[in-house]
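The values are calculated or read from the model by the stated rules, or taken from the named source; none is laboratory data. What you are looking at is a predicted structure, and each value in this text was computed from that prediction instead of being measured. When we count neighbours, we look across all protein chains shown, and the Cβ atoms used for this are built from the backbone with ideal geometry, even at glycine. Quick note on the areas: whole protein, heavy atoms, side chains included, nothing else; ligands and nucleic acids left out. Shrake-Rupley method; radii C 1.70, N 1.55, O 1.52, S 1.80 Å.
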Amino acid sequence: MTGSPFVGDLTWSRVAERVAGGAIAILPVGAGSKQHGLHMPMATDRIVAEYFARELAKKIDALIWPTVTYGSYPAFTAYAGSVTLNATTFTDMIRDIVEGLIAFDARAILILNTGLSTITPINRALERVSAPARVRHIALFSGPAYQRAIASVCHQTYGSHADEPETSMMLAIAPEWVDMQAAQDSPALPDGPVDGPLTPRDVTSPNYSASGSFGRPTLATREKGLVLIAAILTDLEAAVSAL
């Protein structure tokens, strides 16, 4: 598949040609084994990260490296199958991967990150790389266009995980992986969550969620997802232009 943007589909010599020709390196970061409620798969973050990597590669000359599917996700380990690395291990892994891309002389490296708890470790990793000016960390759910879109189309008053916006995007990206009949809202918290992991068992905890969702996925629609996706693509284009 010589025309594929994914390095896993190419020979090493073809990768070398593309990098020498100026292709930007994209490194998606999205969990492959992290609970996403009762209505979405454990690989939701990976699916979303790879979707945006592919969409970006349609617009620019880019190569997509294999998605980093393990990371620092300590809030979800009480739910079966959810795996986390400690922050130091994850930081070191990101640094090693980025240094490898720098060594190949990639002219620019874009990290597309779908996580929240992964933002700080990735930033720490990039503080220690040999050519930080060539690397851009993009937290996909933190851009200004996305934040405006959230305010305009979403109605939940709390949430951050397997919730209204995330479920809406999955309904637009991969609807076959979403079971809306199984979606369950988490209990409303007057004072919001506190620091610490979500729990499916401790009903006295302010972070209690039997389903694993935090927010109101039952409000999700494909139409909302399309608006949010368009906003993220706007933020991505702005980030690439800034390079």
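Among the candidates T114, T77, single out the residue that is within 28 Å of P200 (Cα to Cα), surrounded by fewer than 16 Cβ atoms within 10 Å (Cβ to Cβ) and modelled with pLDDT of 95 or more. Before you say what the answer is, go through the steps one by one.
Numbers: T114 fails: surrounded by fewer than 16 Cβ atoms within 10 Å (Cβ to Cβ).
Result of the check over T114, T77: T77.
Checking the condition open to solvent by 40 Å² or more (accessible area, probe 1.4 Å), more than 14 Å from I102 (Cβ to Cβ) and at pLDDT 95 or above, which residue from P144, P132 passes? Don't jump to the end; show me each part of the working.
Details: P132 fails: more than 14 Å from I102 (Cβ to Cβ).
Result: P144 is the single residue among P144, P132 that is open to solvent by 40 Å² or more (accessible area, probe 1.4 Å), more than 14 Å from I102 (Cβ to Cβ) and at pLDDT 95 or above.
Which of the residues that make up the range 144-189 are of a type in the set (A, V, I, L, M, F, W, C) and touching a Gly at 6+ places or on another chain (Cβ under 6 Å)?
Looking only at the range 144-189, we keep the residues that are of a type in the set (A, V, I, L, M, F, W, C), and these are 145, 149-151, 153-154, 162, 169-174, 177-178, 180, 182-183, 188-189.
Listed by number, the residues that qualify are A162, M169, L171, A172.
For the list (1) of a type in the set (A, V, I, L, M, F, W, C); (2) surrounded by fewer than 18 Cβ atoms within 10 Å (Cβ to Cβ); (3) at pLDDT below 95, I need the number of the one condition that W12 fails.
Checking W12 against (1) of a type in the set (A, V, I, L, M, F, W, C); (2) surrounded by fewer than 18 Cβ atoms within 10 Å (Cβ to Cβ); (3) at pLDDT below 95, the one that fails is (3).
Being surrounded by 13 or more Cβ atoms within 10 Å (Cβ to Cβ), assigned to a helix (DSSP H, G or I) and touching a residue at least 60 places away in the same chain (Cβ under 8 Å) is the filter here, so list the residues in the range 17-32 that pass it.
Correct list: V19 only.
Please determine whether any residue of the range 194-209 is without any contact (Cβ under 8 Å) to a residue 40 or more places away in the chain, surrounded by fewer than 21 Cβ atoms within 10 Å (Cβ to Cβ), under 22 Å from H155 (Cβ atoms) and of a type in the set (G, A, S).
no
Mind counting the residues in the range 33-74 that are open to solvent by 30 Å² or more (accessible area, probe 1.4 Å), outside any loop (DSSP other than H, G, I, E, B) and touching a His at 6+ places or on another chain (Cβ under 9 Å)?
Going through the range 33-74 one residue at a time, the tally reaches 0.
Out of G212, G196, which single residue is under 18 Å from the mean Cα position of the chain (by Cα) and part of a loop (DSSP other than H, G, I, E, B)?
Working: G196 fails: under 18 Å from the mean Cα position of the chain (by Cα).
Answer to the check: G212.
From T88, T120, T167, which residue is modelled with pLDDT of 95 or more, open to solvent by less than 40 Å² (accessible area, probe 1.4 Å) and in a helix (DSSP H, G or I)?
On the way: T88 fails: open to solvent by less than 40 Å² (accessible area, probe 1.4 Å); T120 fails: open to solvent by less than 40 Å² (accessible area, probe 1.4 Å).
From the options T88, T120, T167, the qualifying one is T167.
Can you tell which of L226, L233 is modelled with pLDDT of 95 or more and under 24 Å from R136 (Cα atoms)?
On the way: L226 fails: under 24 Å from R136 (Cα atoms).
Result: L233 is the single residue among L226, L233 that is modelled with pLDDT of 95 or more and under 24 Å from R136 (Cα atoms).
With (1) more than 30 Å from Q181 (Cα to Cα); (2) in contact (Cβ under 8 Å) with a residue 12 or more places away in the chain; (3) open to solvent by 30 Å² or more (accessible area, probe 1.4 Å) as the list, and V98 as the residue in question, which single condition is left unmet?
Result: V98 passes all but (3).
Looking only at the range 172-191, count every residue that is surrounded by fewer than 20 Cβ atoms within 10 Å (Cβ to Cβ) and either in contact (Cβ under 8 Å) with a residue 12 or more places away in the chain or over 21 Å from the mean Cα position of the chain (by Cα) (or both) and tell me the total. It would help to see each step written out before you state the result.
Within the range 172-191, the first condition is being surrounded by fewer than 20 Cβ atoms within 10 Å (Cβ to Cβ), and the residues that meet it are 174-177, 179-182, 184, 187-191.
With either in contact (Cβ under 8 Å) with a residue 12 or more places away in the chain or over 21 Å from the mean Cα position of the chain (by Cα) (or both) added as a condition, the list becomes 174-175, 177, 179-182, 184, 187-191.
Qualifying residue count for the region: 13.
If I go through the range 151-164 residue by residue, how many of them are part of a loop (DSSP other than H, G, I, E, B), of a type outside the set (D, E) and in contact with a Lys or Arg (Cβ under 7 Å, 6 or more places away or on another chain)? Talk me through it step by step, then tell me what you get.
Residues of the range 151-164 part of a loop (DSSP other than H, G, I, E, B): 154-160, 162-163.
Okay, now just the ones that are also of a type outside the set (D, E), so 154-160, 162.
If we keep only those that are in contact with a Lys or Arg (Cβ under 7 Å, 6 or more places away or on another chain) as well, we get 154, 156, 159.
Total satisfying the criteria: 3.
Give the residues of the range 65-105 that are more than 22 Å from Y51 (Cα to Cα) and either of a type in the set (G, A, S) or touching a Cys at 6+ places or on another chain (Cβ under 8 Å) (or both), sorted by residue number.
Correct list: A75, A78, A80, G81, A87, G100, A103.
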